[in-house]
Amino acid sequence: MRFRWWHGALIFALVLALLSPLASSSPDGLERVAEDKGFMETAREAVFEVIPDYVMPGIRSEAIATILAGIIGTLILFSIGYGLAKLLRTKGEA
Amino acid sequence: MHIPDGFISAPVATVGCVVAAGCVAHAAKATNKKMGEKQIPLMGVLAAFIFAAQMLNFPIAGGTSGHFIGAALAAILLGPWAGVLIMTCVLVVQCLIFQDGGLFALGANIFNMGIVASFIGYYVHRGDASLFGGHRKRILGSGGLAAWLSVVIASIACAFELAISGIVPLGVALPAMAGVHALIGIGEGAITAAVLSFIMATRADLLEIQKA
């Protein structure tokens, strides 16, 4: 298979997923506002959990669990984005 | 900026879901008319890149972090409706699999980070480019500005949803959300400009897609 530009782009996204344990764990903008303005506690727990908070459950090392979650998500989104585009294009031609 | 369940009221969440569903349905129609062979892998890698980049929270002032959203980048590269579709894919997966953003708040999150951010990003970039001409440096500048504004305006939309839900007064939510996201948006602008400049240097033809 010939190497195409988007193979490189996908590899780049996967490399970013490898860096995910380095991400800041500080609250994000909305969480910061919610804490400062006193409405953080109104947040409800999720109805169900699959890979909550980007940490693969059942893995002792949090860094590895985060990387795995990142790689799984990146591959899922590539597949969905690619698949959706392909589907829309086929429909558009018909 | 992913709203968890509980931050917005049932009516606000419901309106968000209805508006998001309508826009996504239209986005699917609008996108398939423009879909070419090149866009297929581009949509895949953009969704993958945006997801991965969103995981990388960067610290800003005061023990707070922010992350890339990516709607402006997607909209600049593929148009606002494709931007809406890509962001919807990312937000749905984040919500259903990673429990980031509430299930009932999904519509509101798609509205803020998908629809509002894509259209602001796209039209600010477009407007700026047509006002000042499409010079290469200008494209980066207008891309960065568009990305910054997309985050700030999305955060203002979020502030309105919180206020309408009665969780926090608008006079409190608006300056707080816009203020912190004005900082986070600098990261968004920098990443967007960096990716655009990389694409310009390596695959400038991808930037032409929107003009065609």
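The values are calculated or read from the model by the stated rules, or taken from the named source; none is laboratory data. In this text, all values refer to a predicted model and were calculated from it rather than measured experimentally. Cβ sites come from the backbone with ideal geometry, for glycine too, and all protein chains shown count toward neighbours. Accessible surface is based on the protein model in full, side chains and every heavy atom, while ligands, DNA and RNA are left aside. Shrake-Rupley method; radii C 1.70, N 1.55, O 1.52, S 1.80 Å.
Take each residue in A:7-20, count the other chain C-beta atoms within 10 Å of its C-beta, and the mean is 5.
Helix-derived [θ] at 222 nm for chain A: sum -39500 (n - 2.57) over DSSP H runs of at least 4, divide by residue count, nearest 500? Intermediate results must be reported in sequence, preceding the final value.
Details: 3 runs with 54 residues, N = 94.
So the helix-based figure for chain A works out to -19500 deg cm²/dmol.
Based on alpha carbons, the Rg and Dmax found for the stretch B:88-212 are 16.2, 49 Å.
So with the 1.4 Å probe, I'd like the accessible area per residue for the protein assembly as shown, rounded to whole Å².
Spelled out: the 1.4 Å probe surface of the protein assembly as shown, per residue, equals 43 Å².
What is the protein assembly as shown by shape, rounded, prolate or oblate, if you read a ≥ b ≥ c off the alpha carbon gyration tensor as root eigenvalues and call it rounded for a/c under 1.5, prolate for a/b larger than b/c, and oblate otherwise?
Numbers: a/c = 1.45, a/b = 1.27, b/c = 1.14.
The shape class here is rounded.
Taking all Cα pairs closer than 8 Å and separated by 6 or more residues, the relative contact order of chain B comes to 26 percent.
Accessible area of B:Phe68 (1.4 Å probe, protein heavy atoms only, ligands and nucleic acids ignored): about 0 Å².
Just from its helices, what would the mean residue ellipticity at 222 nm be for chain B, if runs of 4 or more DSSP H residues each count -39500 (n - 2.57) and the sum is divided by every residue, rounded to the nearest 500 deg cm²/dmol?
Values: 9 runs with 152 residues, N = 212.
The per-residue figure over chain B is -24000 deg cm²/dmol.
On C-alpha positions alone, give me the angle between the axis of helix B:170-202 and the longest principal axis of chain B, in degrees, nearest 10. So the inclination is approximately 20 degrees.
Work out the P(r) tail for the stretch A:51-94: percent of alpha carbon pairs separated by more than 15 Å, whole number.
Across the stretch A:51-94, Cα pairs with separations above 15 Å total 53 percent.
Among A:74-84, A:48-58, B:33-43, the peptide with the highest mean count of other Cβ atoms within 10 Å heads the list, and the full ranking is A:74-84, B:33-43, A:48-58. Based on C-alpha pairs under 8 angstrom that are at least 6 apart in sequence, chain A has a relative contact order of 34 percent.
Selection among B:Cys89, B:Asn112, B:Gly79 by position relative to the dipole of the stretch B:10-208 gives B:Gly79 as farthest towards the positive end (Cβ unit charges, Cα centre).
Chains A and B: how much accessible area gets covered up at their contact, both sides added, probe 1.4 Å, in Å² to the nearest hundred? All intermediate terms of the calculation are to be shown ahead of the outcome.
Details: alone 8160 and 9800 Å², together 13210 Å².
By this definition, chains A and B bury close to 4700 Å².
Rounded, prolate or oblate for the stretch B:41-81? Axes are the square roots of the Cα gyration tensor eigenvalues, ordered a ≥ b ≥ c, and the cut-off for rounded is a/c under 1.5. Oblate.
Of the accessible area of chain B, with the probe set at 1.4 angstrom, what percent is carbon plus sulfur?
Working: 5440 of 7430 Å².
Reported share for carbon and sulfur atoms: 73 percent.
Between the amide H of B:Ile60 and those of B:Ser65, B:Gly66, distances stay under 5 Å, these residues lying 5 or more places away or on another chain, with hydrogens modeled in the peptide plane. Rolled with a 1.4 Å probe across the full set of protein chains, the surface gives B:Asp100 an accessible area near 40 Å². Counting only heavy atoms of the protein chains and using a 1.4 Å probe, B:His26 has close to 90 Å² of accessible surface.
Got a sec? Charge dipole of the protein assembly as shown, +1 on Cβ for Lys and Arg, -1 for Asp and Glu; which of B:Ala178, B:Leu207, A:Phe78 is way out at the positive end? Value computed over the given set: B:Leu207. For chain A, the fraction of C-alpha pairs more than 16 angstrom apart is 71%. Charge dipole of chain B (Cα centre as origin; +1 on each Lys and Arg Cβ, -1 on each Asp and Glu Cβ, all else neutral): 640 debye, rounded to the nearest 20.
Which of the three applies to chain B, rounded, prolate or oblate, going by the alpha-carbon gyration tensor with a ≥ b ≥ c and a/c under 1.5 meaning rounded?
Details: a/c = 1.80, a/b = 1.38, b/c = 1.30.
It comes out prolate by the Cα gyration axes.
For the stretch A:51-94, the share of accessible area belonging to carbon and sulfur comes to 65 percent (1.4 Å probe, ligands and nucleic acids excluded). Computed from Cα atoms, the angle from the helix B:136-164 axis to the main principal axis of chain B rounds to 20 degrees. The angle separating the long axis of helix B:80-96 from the principal Cα axis of greatest extent in chain B is about 50 degrees.
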